[in-house]
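Reviewing the structure listed below.
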Amino acid sequence: MLVRHADPARDARACAAIYEPFVRDTPVSFEEQPPSEAEIARRIATVSEDYPWLVAEIAGEVAGYAYACAHRDRAAYRWAADVTVYVGEEQRGQGVGRALYSGLLPLLSRQGLRTACAGITLPNDASVALHERFGFELVGVFRRIGWKTGAWRDVGWWQVELLPPTDGPPAEPGPPVRLEDAA
């Protein structure tokens, strides 16, 4: 399995195809319409300006992707990022999510981010297990926060500390770190 940085032109179609059934058929994503290939390309380009967006390939095909984005807009949140991972249906259970987070989370800590947060629509045992494997802990649940697939849905929030706290002000987060630079 190869984990690499996403390229909008090369990877948008595959990422959109992986994401589409999550939007269309499940409550996992709260989007209601699957974004187009062009929209996913725009998202990859925009996110990659400030955070890593990674894809995992198996036999030359994109099997999944993971990325980080700003947790909130307020300045004091700049040391926190939200993370997400999506794996294609045929590739689940093959370690794709683990490989992606094994690449993504160290890049975020090298960038100077201190906390990674993940919102998980409940129930989702596989996603909870993946996040807890990486040390994420449940910090709260928003009850009946979204309506999707015919029911009100809860979203659990997990977080993991990427860097230990400091006594004084932390250094400013830097630009995204590339996998090749982190090796």
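Scanning the range 102-136 for residues that are of a type outside the set (Gly, Ala, Ser) and over 26 Å from Ser48 (Cα atoms) turns up Leu122, Pro123, Asn124, Asp125. Does Ala63 satisfy the criteria of being of a type in the set (Gly, Ala, Ser), outside any loop (DSSP other than H, G, I, E, B) and under 30 Å from Gly168 (Cβ atoms)? No; evaluated as a whole, the condition is false for this residue. Note on the range 136-177: among residues that are of a type in the set (Asp, Glu) and closer than 27 Å to Ala75 by Cβ, the one that is surrounded by the most Cβ atoms within 10 Å (Cβ to Cβ) is Glu161. When the range 114-154 is filtered for residues that are in a loop (DSSP other than H, G, I, E, B) and either without any contact (Cβ under 8 Å) to a residue 60 or more places away in the chain or touching a Gly at 6+ places or on another chain (Cβ under 9 Å) (or both), the ones remaining, listed by number, are Arg114, Pro123, Asn124, Phe134, Gly135, Phe136, Gly150.
Here is the figure for the range 155-172: residues that are free of Cβ contacts under 8 Å to residues at least 40 places away in the same chain and over 20 Å from the mean Cα position of the chain (by Cα) total 5. Being part of a helix (DSSP H, G or I) and either in contact (Cβ under 8 Å) with a residue 24 or more places away in the chain or under 17 Å from Asp11 (Cβ atoms) (or both) is a property that does not hold for Thr84.
Among the residues of the range 155-168, just one is of a type in the set (S, T, N, Q) and not in a loop (DSSP other than H, G, I, E, B), namely Gln159. Here is a check on your reading of the model: is Ile58 of a type in the set (A, V, I, L, M), at pLDDT 95 or above, farther than 30 Å from Pro165 by Cβ and crowded, with 18+ Cβ neighbours inside 10 Å? Here the answer is no, as Ile58 does not meet what is asked. Taking Thr46, is it more than 19 Å from Cys15 (Cβ to Cβ) and surrounded by fewer than 20 Cβ atoms within 10 Å (Cβ to Cβ)? It is false that Thr46 is more than 19 Å from Cys15 (Cβ to Cβ) and surrounded by fewer than 20 Cβ atoms within 10 Å (Cβ to Cβ).
Within the range 87-106, the set of residues being touching a helix residue (DSSP H, G or I) at 6+ places or on another chain (Cβ under 8 Å), surrounded by fewer than 21 Cβ atoms within 10 Å (Cβ to Cβ) and closer than 15 Å to Tyr65 by Cβ comprises Glu89, Arg92, Arg98, Gly103.
Is it true that Tyr51 is surrounded by 15 or more Cβ atoms within 10 Å (Cβ to Cβ) and modelled with pLDDT of 95 or more?
On the way: surrounded by 15 or more Cβ atoms within 10 Å (Cβ to Cβ): yes; modelled with pLDDT of 95 or more: yes.
Considered against the rule, which asks whether it is surrounded by 15 or more Cβ atoms within 10 Å (Cβ to Cβ) and modelled with pLDDT of 95 or more, Tyr51 comes out as yes.
Within the range 37-55, track down each residue that is part of a helix (DSSP H, G or I) and hydroxyl-bearing (Ser, Thr, Tyr). Outline the logic, then answer.
Initial filter on the range 37-55 (part of a helix (DSSP H, G or I)): 37-48.
Listed by number, the residues that qualify are Thr46, Ser48.
Looking across the range 17-43 at every residue that is free of Cβ contacts under 8 Å to residues at least 60 places away in the same chain and within 28 Å of Asp181 (Cβ to Cβ), the one that is surrounded by the fewest Cβ atoms within 10 Å (Cβ to Cβ) is identified as Arg42.
In the range 69-81, is there at least one residue being touching a helix residue (DSSP H, G or I) at 6+ places or on another chain (Cβ under 9 Å), at pLDDT 95 or above, closer than 23 Å to Trp157 by Cβ and part of a loop (DSSP other than H, G, I, E, B)? Show your work before the answer.
Within the range 69-81, the subset touching a helix residue (DSSP H, G or I) at 6+ places or on another chain (Cβ under 9 Å) is 69-71, 81.
Narrowing the set further to residues that are at pLDDT 95 or above leaves 69-71, 81.
The next check asks that each one be closer than 23 Å to Trp157 by Cβ; those that pass are 69-71, 81.
Still in the running and part of a loop (DSSP other than H, G, I, E, B): 71.
Yes: the range 69-81 contains one or more residues that are touching a helix residue (DSSP H, G or I) at 6+ places or on another chain (Cβ under 9 Å), at pLDDT 95 or above, closer than 23 Å to Trp157 by Cβ and part of a loop (DSSP other than H, G, I, E, B).
The values are calculated or read from the model by the stated rules, or taken from the named source; none is laboratory data. Since this is a predicted model, take the numbers as computed values, not measurements. Neighbour counts are summed over all protein chains in view; Cβ atoms, including those assigned to glycine, are modelled from backbone coordinates with ideal geometry.
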